[in-house]
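The values are calculated or read from the model by the stated rules, or taken from the named source; none is laboratory data. Quick caveat, the model's predicted, so the values are computed rather than measured. Here the Cβ positions follow ideal geometry from the backbone for every residue, glycine too, while neighbour counts run over all protein chains shown.
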Amino acid sequence: MPAKMFYEKDATEALKNKRVAVIGYGAQGRAHALNMKDSGLDVTVGLRKDSSSWKVAEEDGMSVATVNEACSDADLVAMLVPDQNAADVYRESVEPNLKPGAALLFAHGFNVHFGQINAPKENDVIMIAPKAPGLLVRRTFEEGSGTPALLAVHQDATGNATETALAYAQALGCTRAGVIETTFAEETETDLFGEQAVLCGGTSRLIQAGFETLVEAGYQPEIAYFECLHELKLIVDLLYEGGFTKMRHV
């Protein structure tokens with residue numbers, strides 16, 4: 001069964017005249033906040049008062065407030081703090097200030113899927129997960145394109161959760177590239193597998209093992225480097241452009 005896709009034509013104005021709170025201002029938080037601001041949304045960045053990101057956000061022209069203040073009048077709260085900190089931030093500052101009917105949005109399903117965060121039943125719980133680092137989410141938006149993203153609805157209290165998520169994705173520029181419908185479980189489990197088995201774990205270990213094997217066999221380290229690491233970039237570029245077929249026929 002083909003994946004369900006959403007594009008610009010599917011997006012709505014569900015966030016027009018709504019207040020959005022972006023909690024966190026790291027790579028993803030900054031990209032989301034700036035893209036939404038440039039898309040005309042009313043965005044406030046929520047941070048700890050002593051956060052080193054406070055000044056950065058202000059210099060970027062963002063409205064900044066404490067997490068408690070940002071959440072108190074927000075119609076959508078985007079949780080963009082690191083996974084390991086999200087549950088504490090939610091319990092201490094977000095949950096006590098979350099308006100009934102407000103949407104709680106995540107860019108990764110980990111904390112919801114594993115039960116670290118459980119939102120009240122009267123709130124929508126949604127996810128828009130751009131499939132790119134924050135830097136590229138911002139750069140592609142500024143270039144007039146966007147990055148693909150995943151969309152999931154964990155809780156649809158209002159009946160408008162999908163429309164809200166699509167409006168958020170459009171404000172990031174993601175509907176320009178395409179948004180794939182998924183679930184919190186599927187996004188979390190495939191993301192963890194991909195990172196650990198292939199992208200960060202498997203690939204780096206394969207490069208290291210290949211390099212060490214050649215060097216231990218008496219080959220020059222410089223040659224081993226080119227064969228096992230430098231040329232990998234060239235192969236990956238071909239894979240990205242045309243899959244295994246292009247890689248094998250160039």
Practice prompt. Evaluate the following for Ala103: is it touching a Ser or Thr at 6+ places or on another chain (Cβ under 6 Å) and buried (at least 24 other Cβ atoms within 10 Å of the Cβ)?
Written response: yes
Note on the range 225-250: residues hydroxyl-bearing (Ser, Thr, Tyr) and in contact (Cβ under 8 Å) with a residue 12 or more places away in the chain are Tyr225
For the range 36-55, the count of residues that are in a helix (DSSP H, G or I) and within 20 Å of the chain's Cα centre (by Cα) equals 4
Within the range 90-131, residues being over 15 Å from the mean Cα position of the chain (by Cα) and assigned to a loop (DSSP other than H, G, I, E, B) number 15
Subset of the range 153-187, residues part of a helix (DSSP H, G or I), among the hydroxyl-bearing types (Ser, Thr, Tyr) and farther than 23 Å from Arg30 by Cβ, comes to Thr162
Restricting attention to the range 132-143, the residues that are assigned to a helix (DSSP H, G or I) and within 17 Å of Val179 (Cβ to Cβ) number exactly 4
Going by what's in this entry, would Ser51 be described as over 23 Å from Thr164 (Cβ atoms), assigned by TED's automatic domain parsing to the domain that holds Pro120 and crowded, with 17+ Cβ neighbours inside 10 Å?
yes
With the first residue restricted to the range 25-52 and required to be hydroxyl-bearing (Ser, Thr, Tyr), and the second required to be in a helix (DSSP H, G or I), Cβ contacts under 7 Å at 6 or more apart or on different chains are Tyr25/Ala33; Tyr25/Ser53; Tyr25/Val56; Tyr25/Ala57; Ser39/Ala171; Thr44/Ala70
Restricting attention to the range 142-166, the residues that are surrounded by fewer than 24 Cβ atoms within 10 Å (Cβ to Cβ) and among the hydrophobic types (A, V, I, L, M, F, W, C) number exactly 3
Filter the range 192-250 for residues that are among the charged types (D, E, K, R) and within 25 Å of the chain's Cα centre (by Cα); the one that is nearest to Phe114 (Cα to Cα) is Glu195
Scanning the range 177-195 residue by residue, the ones that are exposed (fewer than 15 other Cβ atoms within 10 Å of the Cβ) and closer than 22 Å to Leu136 by Cβ total 5
